[in-house]
1. Out of the stretch A:72-83, which residues are buried (at least 24 other Cβ atoms within 10 Å of the Cβ), free of Cβ contacts under 8 Å to residues at least 60 places away in the same chain and within 18 Å of A:Ala101 (Cα to Cα)?
2. Out of B:Ala401, B:Ala383, report the one residue that is among the small types (Gly, Ala, Ser) and either more than 23 Å from B:Val272 (Cβ to Cβ) or more than 13 Å from chain A (Cβ to nearest Cβ) (or both).
3. Say we look at the stretch A:388-397 and pick out the residues that are within 14 Å of chain B (Cβ to nearest Cβ) and part of a strand (DSSP E or B); which of these is surrounded by the most Cβ atoms within 10 Å (Cβ to Cβ)?
4. Restricting the search to the stretch A:41-68, which residues are within 14 Å of another protein chain (Cβ to nearest Cβ) and either β-branched (Val, Ile, Thr) or in contact (Cβ under 8 Å) with a residue 12 or more places away in the chain (or both)?
5. Just checking, does the stretch B:258-275 include any residue being buried (at least 24 other Cβ atoms within 10 Å of the Cβ), modelled with pLDDT under 95 and part of a loop (DSSP other than H, G, I, E, B)?
6. Could you tell me which of the residues B:Ala40, B:Ala24, B:Ala47, B:Ala20 is of a type outside the set (Asp, Glu) and under 19 Å from B:Arg63 (Cα atoms)?
7. Which of (1) under 27 Å from A:Leu270 (Cβ atoms); (2) within 11 Å of chain B (Cβ to nearest Cβ) is the odd one out, the single condition A:Asn318 does not satisfy?
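The values are calculated or read from the model by the stated rules, or taken from the named source; none is laboratory data. Since this is a predicted model, take the numbers as computed values, not measurements. Neighbour counts are summed over all protein chains in view; Cβ atoms, including those assigned to glycine, are modelled from backbone coordinates with ideal geometry.
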Number of protein chains: 2
Amino acid sequence: MPIGYSQLPELLPVAGIRLASVAAGIRYKGRDDLVIMELAEDSRCAAVFTRNAFCAAPVIVARQHLAMQQPRYLLINSGNANAGTGEPGIQDAQQTCVLLAEKAKCSAGQVLPFSTGVIGERLPVGCIEAALDKALAGLAEDGWKAAAHAIMTTDTVAKGISRIFEAGGQQFNLTGMVKGAGMIRPDMATMLAYIACDAAVEGAALQQCLNQAVEHSFNRITVDGDTSTNDACVLVATGAKGSARIKSGTADYRNLCEAVNGICEYLAQLIVRDAEGATKFVTVRIENGRDSEECLKVAYTIAHSPLVKTALFASDPNWGRILAAVGRAGIESLDIEKVSIFLDDVCIVRSGAVAEDYSEQDGQRIMRQDEIVIRVQLERGNAVEQVWTSDLSHDYVRINAEYRT
Amino acid sequence: MPIGYSQLPELLPVAGIRLASVAAGIRYKGRDDLVIMELAEDSRCAAVFTRNAFCAAPVIVARQHLAMQQPRYLLINSGNANAGTGEPGIQDAQQTCVLLAEKAKCSAGQVLPFSTGVIGERLPVGCIEAALDKALAGLAEDGWKAAAHAIMTTDTVAKGISRIFEAGGQQFNLTGMVKGAGMIRPDMATMLAYIACDAAVEGAALQQCLNQAVEHSFNRITVDGDTSTNDACVLVATGAKGSARIKSGTADYRNLCEAVNGICEYLAQLIVRDAEGATKFVTVRIENGRDSEECLKVAYTIAHSPLVKTALFASDPNWGRILAAVGRAGIESLDIEKVSIFLDDVCIVRSGAVAEDYSEQDGQRIMRQDEIVIRVQLERGNAVEQVWTSDLSHDYVRINAEYRT
């Protein structure tokens, strides 16, 4: 069960988006594993993809298609990542686009493929082909909930959220869903996020909005530092309510960004909350750094430290491990005598040594919580950054050691 | 039990070095925890210390003393790291030097202090003071074995090795001991290594010899990426056999380096072999990189990946995880279609995709071994680098989660 999240809330339909989910039998039995997401004509679509050099076949194809024209269909499967499959994998991904395009009367370039699941096995194109008719017949505006379930792999719950925002005096629905349990497991390659609104947005503004939202949400979560070959995040603006296109730099654009940021941050945190074996949801916040870069260096060094993560699992206020992580983060001419470290509001390290008024009981009290903020003050400037992570538990090792057996 | 190492071999005495170990009651009961190592007059001493900005009090003091004059005594305690103790910790470390210097009739600046053990507790200077007389009375050339035991903290066995090397037609003994179980645990702050020979070596040449040896040994091991606040490695040349001083750039210097390199590599590997919870000893070797830097980037990304490490623990030839780690190592314009990956001599990935002749049985056979070489060919140049690491097991989490409870 994810930390602080029990079940999928109601997801609002988005005018101009229809979804269908079917059981294509790609890997799982008795559950949906194929989703078609239909985008109204004149929709604008922005996307960001994994930066892993070994990106999966569908990522290569989706990037190419998106660079040529606006998509009409997203074709998403779980159970098989179509990664590490070489040139045949790319042909498989293209073939699924061709098959859907023929049935849906569009060009293959207007279909973006997405896959998540096991790495290194050929995509069963026949299974997907056989399921397309049923899927196309089932397209509906209220298909979000079923789709959020169908894209799951190792997730323990379906993940999504809706918001309403205003632009030009009109209200718009914004709905997002995500799959991913911890951004880990390149072999269950990993994070896919789909967000759509029924406002109209200029293409460049939409991409800009997505880029800044992802930077402070999906790019700020880490479970074990591994990034996957298939990660993708898509933001669609259908314009299906006939409103004017939102332009960058306007008040409407800021409203859009605020709503998209909120959804991305929420969905990103859900991935950490559902991280494999996680028993704690941890915010690592670095304050008073010289710039963002050094704040992030310190934050990730703490968040990736197996020693800090096992101490979190043990609810052990082992400040020595946090202090040592700060010390080895590679910050130039760090004055350790200015560094302070807090667990929530309890100061554990002040001026580079254990705080005089610190008591083990106070630290223990915070560490027993299932949501914890580790806050480090560097006293070097005004930059602030935060990342979200989880602990390292027995179950993490069990899940990842036993995964293929 | 360490992988491929059962017990301390015989350690050769080094003329000009006398050691004593006593039970000072610093933390442990019923075992030695304090070592004095006496260096003959005219010895030369080289050292490298942790690069962690939060370095411990004894590291600060030892650096200062070594910069001023050649040491006569090394004073080493286990059980308490005297780290995270601020200014009082520095005074404690200095005080132990003063106390030993008074009894040994040298200056306090001729004593180098070293501590390893729990972080954040004041050093019990009184315990050390009370044990000094007995220790000084017990100094002997055959004290290496007892000392290798006395400096242990979480090590499961004492670690050391001896070699003989030739210079100027004369034979010299070279003996080294190390403590450290995995370079992890900044709270049991962590690696200490002491190596000595009875040859005479010029000071600058000795430091140069140690620097290059450490770079390819202690700086090439990793268990979890955490580096400690107390790491130190000392190389002493006593010159007690009255030989001429070895100079840099000579054949004798190369003989010395070869012997020191061999000892450092052996001792470094012993730390990984004894890593907490380790069930596998893994060499990660990157070939045909453009330069050392990018080879090391890829090597450490693989060696630090919790997913690769849990797969190693599970004996699962999960090549997707290795491939994804190569892909996210941040190598500029990496051509993934040239990358090959081997487990020992079994090719698992060729030209960026699973090798056609690869069988799961072959991979499984290698992964079941307790010593494994992961070899990655980048096909970008002639650089080669290797690092040594271990797997990530249930016991790692257990040991590090339960450590203080």
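1. Selection gives A:Leu75, A:Asn77.
2. B:Ala383
3. A:Thr389
4. A:Phe49, A:Thr50, A:Arg51, A:Asn52, A:Phe54, A:Cys55, A:Ala56, A:Ala57, A:Val59, A:Ile60
5. yes
6. Every option except B:Ala47 fails the conditions.
7. All conditions pass for A:Asn318, except number (1).
Conditions tested, residue by residue: (1) over 25 Å from the mean Cα position of the chain (by Cα); (2) at pLDDT 90 or above; (3) at negative phi.
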{"residue": "A:Arg245", "(1), (2), (3)": "yes, yes, yes"}
{"residue": "A:Gly249", "(1), (2), (3)": "yes, yes, no"}
{"residue": "A:Ala278", "(1), (2), (3)": "no, no, yes"}
{"residue": "A:Leu296", "(1), (2), (3)": "no, yes, yes"}
{"residue": "A:Trp319", "(1), (2), (3)": "yes, no, yes"}
{"residue": "A:Gly327", "(1), (2), (3)": "yes, no, yes"}
